[in-house]
Amino acid sequence: MSVHSNARKVTTHTLQEMKRAGEKITMLTAYDYSLAKLVDRGGVDVILVGDSASNVMAGRDTTVPMSLDHMIYHAQCVERAVDRALIVVDMPFGTYQGNSAIALESAIRIMKESGGHAVKLEGGSEIVESVQRILSAGIPVMGHLGLTPQSIYKFGTYTVRAKEEEEAAKLIEDAKLLEESGCFAIVFEKIPAHLAKQVSEAISIPTIGIGAGQDCDGQVLVLHDMLGITTDFSPRFLRRYLDLETQITGAVQQYCEDVRSGDFPNEEESY
Ligand code: KIV
């Protein structure tokens, strides 16, 4: 389905209605104008300007170094392209943990300077004061539980989270706390499918899974992974819809060959 500019804009309210109606929510990341335009035309409900930009745009190993200025830049590029999807912007590491006044200031900068519609924060009870302060300013907040990549140096690995009872119990409590605080949705990253199902049924706000099974209210993938641009990353949860690495390198090789052989440009391509 191609969605045109007069399509009804997706809001946080739309997502809640979708959960109530049992309609699955679609979410993908985007970081730049050209791809965000295509993702929006493809009909995705939510575009996440993820701090995974640190990995796929900047080539870093983790999301930890991402700056607020860089997130705002990527979100500005995406916002110019999007007609329909709800745009959620990740708050980068160091802009909301431990100090809710700084968190509010960072969220306000994102909203005013980027034109995004909501922010996403990683964590539960540890950051709930920041979540509540941002919400009190009228800024919609999406939570993120399970594998939270900004805490990679605490976890030590990117493996599945909340397999043990204690961590699963904390995740359930955190999800309820985020719901009570007023978050409009929560991302569950890399947790057991049965746990994601249990929590999705227990809370009234939508859950969006990545490596969290089919019973979340929606799904999210990193765009560059599902398009097959980043082929060095192959977790079990990832479905690749294209093999753009092969197609793009093939096109570049062909172009080089055509220029070197004198085939490009031909007469029709000249003035
Ligand atoms: O930054 C990101 O892309 C994310 C998704 C993996 C949910 O947070």
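The values are calculated or read from the model by the stated rules, or taken from the named source; none is laboratory data. Note that the structure is predicted; figures quoted are calculated from it, not measured. Methodologically, a virtual Cβ is constructed for each residue, glycine included, from the backbone with ideal geometry; neighbour enumeration extends over all protein chains shown. Note: areas computed on protein heavy atoms with side chains; ligands, DNA, RNA excluded. Shrake-Rupley method; radii C 1.70, N 1.55, O 1.52, S 1.80 Å.
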Original post:
Mind checking which of His13, His224, His74 has the largest fluctuation in a GNM of the chain, springs on alpha carbons under 10 Å?
Top reply: His13
Subject >> Solvent-accessible area of Phe233 with every protein chain in place, 1.4 Å probe, in Å² to the nearest 10 >> reply: 90
Original post:
Shape of region 12-240 from its Cα gyration tensor (a ≥ b ≥ c, root eigenvalues): rounded if a/c is under 1.5, otherwise prolate when a/b > b/c, or oblate?
Top reply: rounded
Original post:
Taking only protein heavy atoms and a 1.4 Å probe, what accessible area per residue, in Å², does the chain have with all protein chains in place?
Top reply: 51
Original post:
Which whole-number percent is the relative contact order of the chain (Cα, under 8 Å, 6+ apart)?
Top reply: 15
Original post:
In the Gaussian network model of the chain, springs joining C-alpha atoms below 10 Å, which of His144, His117, His70 carries the largest mean-square fluctuation?
Top reply: His70
**OP:** Taking a cut-off of 27 Å between Cα atoms, list the lysines near Lys163, but don't count ones fewer than 8 places away on the same chain.
**Re:** Lys19, Lys24, Lys120, Lys154, Lys176, Lys190, Lys197
Subject >> Helix 193-202 vs. the chain, principal-axis angle (Cα, 0 to 90°, nearest 10) >> reply: 60
**OP:** Would you work out which of Thr230, Gln198, Val187 lies farthest towards the positive end of the dipole of the chain? Charges go on Cβ: Lys and Arg +1, Asp and Glu -1.
**Re:** Gln198
**OP:** Could you work out which residue, out of Ile186, Ile139, Ile47, moves most in a Gaussian network model of the chain, that is, has the largest mean-square fluctuation with Cα springs under 10 Å?
**Re:** Ile139
Subject >> FRET E, pair Gln253, Ala58, Förster distance 22 Å, beta-carbon r, rounded to 0.05 >> reply: 0.30
Original post:
Of all DSSP beta bridges located in region 125-271, what percent are antiparallel, nearest 5?
Top reply: 0
Original post:
Hey, what angle do you get for helix 100-114 against the long axis of the chain, alpha-carbon based, 0 to 90 degrees rounded to 10?
Top reply: 30
Subject >> Cα-based helix-to-principal-axis angle, 244-261 vs the chain, degrees rounded to 10 >> reply: 20
Original post:
Under a point-charge model restricted to the Cβ atoms of Lys and Arg (+1) and Asp and Glu (-1), what is the dipole moment magnitude of the chain relative to its Cα centre, in debye to the nearest 20?
Top reply: 640
